[in-house]
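The structure appears below as structure tokens.
The values are calculated or read from the model by the stated rules, or taken from the named source; none is laboratory data. Since the model is a prediction, treat every value here as computed from it, not as a measurement. Using ideal geometry, Cβ is built from the backbone for each residue, glycine included, and neighbour counts are taken over all protein chains shown.
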Amino acid sequence: MFRLGSLRRHVTDELARAGIARPLLEADLLLSWVLGVDRATLFAHPERPVDQTERTDLDEALKRRIGHEPLAYIIGRAAFLGFDLTVGPGCLIPRPETELLVERALALWSDGPFLDWGTGSGAIAIALLQARPDAEGFAVEAEPSALRWAWRNLKEKDLLNRCLLIHEERLEALPLKEGSLGMIVSNPPYIPQDALSGLMEDVVRYEPHRALDGGSDGLDSYRRLLPWAEEHLRPGGFLVVEHGGAFQSGQLTAMAGVALQLVDCRRDLAGQDRVLAWKRL
Ligand SMILES: C[S@@+](CC[C@H](N)C(=O)[O-])C[C@H]1O[C@@H](n2cnc3c(N)ncnc32)[C@H](O)[C@@H]1O
């Protein structure tokens, strides 16, 4: 028979030895998930017995995490702007920086349908739809393996009736009229190719390359998106994009066409330039 308190120490030690950054927090999240209890129970009941089945499940989850599989894939959940998303291999785990993109988009957007280009788990589209109960939009994704997570999340939150999920790689092929959109939002792949191998092992080995690889300078997706957005936004509509920092911000500002008027560039909590917004004149 195993006891919760000693297992908690064991899992924390194993994670620390594997170089996981926040071993105690992650140990608690793994234990909570395997045992189906909240974190407070872990503190309050160190004597709780853990049976053999639970121990086997815990060992399996621990082995995956020691192999640097992201915790969100193991437990199948990721938090975004106060709600939970179902995630797994094939979709990018939504990042806190992207919450800034949504906040900015909501502050600017007044009306008209939105388009979320490269929706991944559906995080951005879902946040917009939840914040605006009357809104409708489109969520586009090129990767079938990501699309199924977006579909699942939209369905779980009963939002498929307000969001058309489109499997498409080419912007030109989207069934949308010029001047029809009230807002375009995107967190496209923006990591420069030669920086990909320098990302954390969890990311490089497990998260989809297509969600990260932005071409040689990281800007390939924006080269396609900016001219298309200029044509497909209605006057007064907004384009809001996440990007990789000050260098990309400067490049993107120079790349935008004359009908896109820069609103501003916002920094994330780490002080990095992160979200650019333009208004369609
Ligand atoms: C950085 S991830 C963002 C995922 C999600 N929007 C988020 O913020 O968590 C970029 C997404 O764009 C998708 N993608 C890449 N190229 C695309 C294209 N040409 N058309 C549509 N989606 C694309 C990737 O598969 C990936 O899901």
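For the range 227-269, enumerate the residues that are among the hydrophobic types (A, V, I, L, M, F, W, C), closer than 20 Å to LEU106 by Cα and buried (at least 16 other Cβ atoms within 10 Å of the Cβ). If you could, list the steps in order and put the result at the bottom.
Within the range 227-269, the subset among the hydrophobic types (A, V, I, L, M, F, W, C) is 228-229, 233, 238-241, 246-247, 252, 254-256, 258-260, 262-263, 265, 269.
Pick out the ones that are also closer than 20 Å to LEU106 by Cα and you get 229, 233, 238-241, 260, 262-263, 265, 269.
Hits for the range 227-269 are ALA229, LEU233, PHE238, LEU239, VAL240, VAL241, LEU260, VAL263, CYS265.
Within the range 146-176, track down each residue that is within 24 Å of PRO133 (Cβ to Cβ) and either in contact with a helix residue (DSSP H, G or I) (Cβ under 7 Å, 6 or more places away or on another chain) or at pLDDT below 95 (or both). Quick ask: steps written out before the conclusion?
Pass one, the range 146-176, residues within 24 Å of PRO133 (Cβ to Cβ): 149-166, 176.
ASN153, LEU154, LYS157, LEU159, LEU160, ARG162, CYS163, LEU165, LEU176, listed by residue number.
Table: residues versus (1) among the aromatic types (Phe, Trp, Tyr); (2) assigned to a strand (DSSP E or B).
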residue: ARG234; (1), (2): no, yes
residue: PHE238; (1), (2): yes, yes
residue: VAL241; (1), (2): no, yes
residue: PHE247; (1), (2): yes, no
residue: GLN251; (1), (2): no, no
residue: GLY257; (1), (2): no, no
residue: GLN261; (1), (2): no, yes
residue: ASP264; (1), (2): no, yes
residue: ALA277; (1), (2): no, yes
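Does LEU58 count as closer than 15 Å to MET1 by Cα, at pLDDT 95 or above and crowded, with 18+ Cβ neighbours inside 10 Å?
Numbers: closer than 15 Å to MET1 by Cα: yes; at pLDDT 95 or above: yes; crowded, with 18+ Cβ neighbours inside 10 Å: yes.
Yes, satisfied.
Condition check: in contact (Cβ under 8 Å) with a residue 12 or more places away in the chain, within 10 Å of the ligand (Cβ to nearest atom), loosely packed, with under 15 Cβ neighbours inside 10 Å and among the hydroxyl-bearing types (Ser, Thr, Tyr). Does SER110 satisfy that? Break it down into steps so the answer makes sense when it comes.
Values: in contact (Cβ under 8 Å) with a residue 12 or more places away in the chain: yes; within 10 Å of the ligand (Cβ to nearest atom): no; loosely packed, with under 15 Cβ neighbours inside 10 Å: yes; among the hydroxyl-bearing types (Ser, Thr, Tyr): yes.
Answer is no for this residue.
If we only count strands (runs of 3 or more DSSP E) wholly inside the range 131-205, which ones have 3 or more residues that are under 17 Å from the mean Cα position of the chain (by Cα) and within 15 Å of the ligand (Cβ to nearest atom)? Break it down into steps so the answer makes sense when it comes.
Numbers: elements: 137-141, 163-167, 181-186.
Those strands (runs of 3 or more DSSP E) span 137-141, 181-186.
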